[in-house]
Amino acid sequence: MKQPEVILIVAATRNFAIGRGGDLLFHISEDLKHFKALTMGHPIIMGRKTFESFPKGALPGRRNIVVTRNSGYTAPGIECVTSIEEALDLCASSPKCYIIGGGEIYAQSLPYASKIELTLIDDAPVDADTFFPAISPAVWTLPPSPEFDRTDPKSGVRYAFLTLERNGDD
């Protein structure tokens, strides 16, 4: 079956932390707008915990696919599957789909991804409990030293929008 382009989209800190207590580490307005602009109109694939962290349920304007071990799980506006492969099969008619978290789902879907849309946050919290999987420079083209060219006015944290491409041979 034809597969769409698989893109992981994530906001992570320098130590690849992505969450704490079921929530994002930082709520950066420009990052949330960037996320919406990239994912709008495309299927989004997430784990159950990520879905349940949304205050208003399914994200509008996108096909919401939730991967969960609980085959009986239901919620308004979502489709449930029990594996990443099943989720990707549902997206076969789409040119691309976005993996939006959390940590386990990122790890399971990384082998399928051709691109990572990374908001890299210039911080390294020690109390984070959810992390993005390690990415290898042998597999991914990484910037030598990212320039943190943006600053969130609310938190003061510096960040950068980066696009990582899978190297051609892997």
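Taking only protein heavy atoms and a 1.4 Å probe, the accessible area of the chain is 53% carbon and sulfur. Each stretch of four or more DSSP H residues adds -39500 (n - 2.57); spread over every residue of the chain, this sum gives -4500 deg cm²/dmol at 222 nm.
Amide H contacts for Ala11 (H built 1.01 Å from N in the peptide plane; partners 5 or more residues away or on another chain; cut-off under 5 Å): Thr119. Rounded to the nearest whole Hz, the Karplus-based 3J(HN,Hα) values (6.51 cos²θ - 1.76 cosθ + 1.60, θ = phi - 60°) of segment 150-156 follow the sequence 10, 9, 6, x, 7, 8, x, with x at glycine and proline. When the chain is treated as a Gaussian network with alpha carbon springs shorter than 10 Å, the biggest mean-square fluctuation among Pro133, Pro111, Pro76 belongs to Pro76.
Name the lysines eligible as straight-distance cross-link partners of Lys56: C-alpha to C-alpha under 25 Å, and not fewer than 8 places from it in the same chain. Excluding near neighbours in sequence, the set is Lys33, Lys36, Lys96, Lys154. Using θ = phi - 60° in the Karplus curve 6.51 cos²θ - 1.76 cosθ + 1.60, the 3J(HN,Hα) couplings for segment 25-35 round to 6, 9, 9, 9, 3, 5, 5, 5, 5, 4, 4 Hz; x is entered for Gly and Pro. Close amide H partners of His42, meaning residues 5 or more places away or on another chain with modelled amide H under 5 Å apart, are Arg63.
Evaluating 6.51 cos²θ - 1.76 cosθ + 1.60 at θ = phi - 60° for every residue in segment 9-19, the Karplus couplings come out as 10, 8, 10, 9, 8, 4, 9, 6, 6, 10, x Hz, glycine and proline recorded as x. Taking every alpha-carbon pair under 8 Å whose residues sit at least 6 apart, segment 1-144 reaches a relative contact order of 42 percent. Sparsely packed loop sites in segment 1-89 (the trypsin sites (Lys or Arg not before Pro) outside DSSP H, G, I, E and B with at most 10 other Cβ atoms within 10 Å) comprise Lys2, Lys56, Arg69.
The values are calculated or read from the model by the stated rules, or taken from the named source; none is laboratory data. Note that the coordinates shown come from a computational prediction; the quantities given were computed from them, not determined experimentally. Cβ coordinates were reconstructed from backbone atoms using ideal geometry, including for glycine residues, and neighbour counts include every protein chain displayed. Just so you know, the surface numbers come from the protein's heavy atoms only, side chains and all, with ligands and any DNA or RNA stripped out. Shrake-Rupley method; radii C 1.70, N 1.55, O 1.52, S 1.80 Å.
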